[in-house]
1. Of (1) open to solvent by less than 10 Å² (accessible area, probe 1.4 Å); (2) within 13 Å of Ile215 (Cβ to Cβ), Phe251 satisfies all except one. Which?
2. Being open to solvent by 10 Å² or more (accessible area, probe 1.4 Å) and out of contact with any His (no Cβ under 8 Å at 6 or more places or on another chain) is the filter here; which residues of segment 421-432 pass it?
3. Name the single residue, out of those in segment 211-234 being among the β-branched types (Val, Ile, Thr) and at pLDDT 95 or above, that is farthest from Asp275 (Cα to Cα).
4. Quick one: would you say Phe391 is surrounded by 20 or more Cβ atoms within 10 Å (Cβ to Cβ), at pLDDT below 95 and touching a helix residue (DSSP H, G or I) at 6+ places or on another chain (Cβ under 7 Å)?
5. Does segment 93-104 include one or more residues that are within 21 Å of Thr395 (Cβ to Cβ), buried (at least 22 other Cβ atoms within 10 Å of the Cβ) and at pLDDT 95 or above?
6. Of all residues in segment 264-296 being over 19 Å from the mean Cα position of the chain (by Cα) and modelled with pLDDT under 80, which is nearest to Phe112 (Cα to Cα)?
7. Filter segment 43-82 for residues that are open to solvent by 60 Å² or more (accessible area, probe 1.4 Å) and not small (Gly, Ala, Ser); which is nearest to the chain's Cα centre (by Cα)?
8. Restricting the first residue to segment 243-257 and requiring it to be on the phi < 0 side of the Ramachandran plot, which pairs with a second residue that is among the polar types (S, T, N, Q) and open to solvent by 20 Å² or more (accessible area, probe 1.4 Å) meet a Cβ separation below 8 Å and a spacing of at least six or different chains?
Amino acid sequence: MAPRVAPRPSPIHRLCVRILLVSFLAAHRLVPSCSASFFGFPAAAKRHDYRDALAKSILFFEGQRSGRLPPGQRASWRGDSGVSDGALAGVDLEGGYYDAGDNIKFGFPMAFTTTMLAWSVIEFGDDMPRDERRHAAGAVRWATDYLLKTLAHPGVIFLQASAPHCSTTVAFVHVAETLRVGDPWKDHDCWERPEDMDTERTVYNVSAGRPGSDIAGETAAALAAASMVFRDDDPEYAETLLASAIKAFEFADTYKGAYSDDPDLRAGGCPFYCDFNGYQDELLWGAAWLRRASKDDTFLQYIQNNGNTLGAEDSSNEFGWDNKHAGLNVLVSKEFIEGELLPLQSYKEFADSFVCTVIPESSSPHITYTPGGMLYKPGGSNMQHVTSISFLLLTYAKYLSRSSHTVNCGDISVGPVTLQRQAKKQVDYLLGDNPMKMSYMIGYGDRYPQRIHHRGSSLPSIKDHPQRIACKEGTPYYNSSGANPNPLIGAVVGGPGEDDAYEDDRAEFRKSEPTTYINAPLVGVLAFLVGNPNPGHIRH
């Protein structure tokens, strides 16, 4: 005979027993009376300090500055660097931002970073505390001051600058935008502080003979968007930005081509920032921003007349420094949603299609999520997708909330609140609500990465160690298992992989390296959450 088994108590019975037991223990001060985890339920996610995270996300950009630092510099462990950038080509290219953990100034991602910083202020600046709004505008201006320099010489646009070690200068100044200052291959062969760079700063640029519609179109978008940031406080500067944006766009549209199609420019820029997606999206992106900033119907007509030939229908569930389609569709759909401009209806349809790929409940094929709930796309530096797509969700929710429009995802209808909550989940994951119980923003929370892939952060500060640390002398610091001596406050690293695991290894650059284009859209997302910590209560 089989042994008799006592009947199992029902779930309700077990729950009642637990409640009685907790009440008894709480009365005798043996356990907290509201211990949710005691019942076997997951403990409630802690409330995040979005204002603190916002302040830190903006502060990060001060740690990435190149050039002479201003008196109000708050990342005090940094010093002046790259002050002679452009000198080898006879131009002034001081300033701007290093793109990531290296000492290179790549024009393409820097322009995208600028666009996203400006868009963050435009859409969500009213949710920022006054000081943070001022710091955010300062971060935009540090970039635009540099981008204006890249356009200052007729017929040439400079691309980037880095610290090549004993390299040959390549400058095409006889021909309009800087692609890059420096040789990334040589730069990546060194582990040294930006303040110690004493090698040649190679200048690369696009021209009529070597077109770069991608970088010129993105620069036009950046300057146009930034002009809206400064329109009230500094109208003269705003006009300069807008006029320069128009010139950059005219160059992009007149001399069509991708910079990475040119063998010489490709050798300097690939595989780091190849334009895999083509230049067509940047032309539409630049025109869309010029339309929004100027209200000029000429740019509206450009979008309408060239949408098909430039691939506006190429819907994508990606948005970043290379692929602008999803952002373009969200941006242009604003005019249809708010102004009922029927010729632009297709842009809303494309934006809706993008949204449906992000909503897990949608029947549409959608983006992959990790077991812990993080939006995931293969390729490394995954947080760039988390922040940029979250930004688009919140921005589209804002546009939808001002109308009766919703998003039809097959068997479900999606409204603004759903988009807001989806974005909030991603940001909360980034800030610590994840399987690792780790914040992926340096300086936020009790636990965050200590060994990020970043030269200036991982080497002794020039303020503490004024003696030069040469190219290869930094290698022991790179190989060290110790924490970085200069926390790059606010930096968001590439983040965990598809299994939610993060090793905090400086050598794992795909996971441990921060970038400006991770943080730029996050500024807007965090600003929204400062003003709307509980999505569902929209402030108009």
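The values are calculated or read from the model by the stated rules, or taken from the named source; none is laboratory data. Predicted, not measured: the structure shown is a model, and the values here were computed from it. Quick reminder, even Gly has a Cβ in these numbers, built from the backbone with ideal geometry, and neighbours come from all protein chains shown. Heads up: the accessible areas ignore ligands, DNA and RNA and are worked out on the full protein's heavy atoms, side chains in. Shrake-Rupley method; radii C 1.70, N 1.55, O 1.52, S 1.80 Å.
1. (1)
2. Taking segment 421-432 and keeping what is open to solvent by 10 Å² or more (accessible area, probe 1.4 Å), we get 421-422, 424-425, 428, 432.
Once the filter is applied, which keeps residues that are open to solvent by 10 Å² or more (accessible area, probe 1.4 Å) and out of contact with any His (no Cβ under 8 Å at 6 or more places or on another chain), segment 421-432 yields Arg421, Gln422, Lys424, Lys425.
3. Taking segment 211-234 and keeping what is among the β-branched types (Val, Ile, Thr), we get 215, 219, 229.
Applying the additional criterion that residues be at pLDDT 95 or above yields 219, 229.
Details: Thr219: 15, Val229: 28 Å.
Once the filter is applied, the top-ranked residue is Val229.
4. Details: surrounded by 20 or more Cβ atoms within 10 Å (Cβ to Cβ): yes; at pLDDT below 95: no; touching a helix residue (DSSP H, G or I) at 6+ places or on another chain (Cβ under 7 Å): yes.
So Phe391 fails the test.
5. Within segment 93-104, the subset within 21 Å of Thr395 (Cβ to Cβ) is none.
No, segment 93-104 contains no residue that is within 21 Å of Thr395 (Cβ to Cβ), buried (at least 22 other Cβ atoms within 10 Å of the Cβ) and at pLDDT 95 or above.
6. The initial filter retains those residues of segment 264-296 that are over 19 Å from the mean Cα position of the chain (by Cα), namely 264-271, 278-280, 283-284, 287-288, 290-296.
Right, trim to modelled with pLDDT under 80 and you get 264-271.
Details: Asp264: 23, Leu265: 19, Arg266: 19, Ala267: 21, Gly268: 19, Gly269: 16, Cys270: 17, Pro271: 18 Å.
Ranking the candidates gives Gly269 first.
7. In the first step, residues of segment 43-82 are kept if they are open to solvent by 60 Å² or more (accessible area, probe 1.4 Å); the result is 43-47, 49, 51, 68, 71, 74, 76, 80.
Among the residues that remain, those that are also not small (Gly, Ala, Ser) are: 46-47, 49, 51, 68, 71, 74, 80.
Working: Lys46: 25, Arg47: 24, Asp49: 20, Arg51: 18, Arg68: 24, Pro71: 26, Arg74: 21, Asp80: 24 Å.
Within segment 43-82, the match that is nearest to the chain's Cα centre (by Cα) is Arg51.
8. Ile246/Ser294
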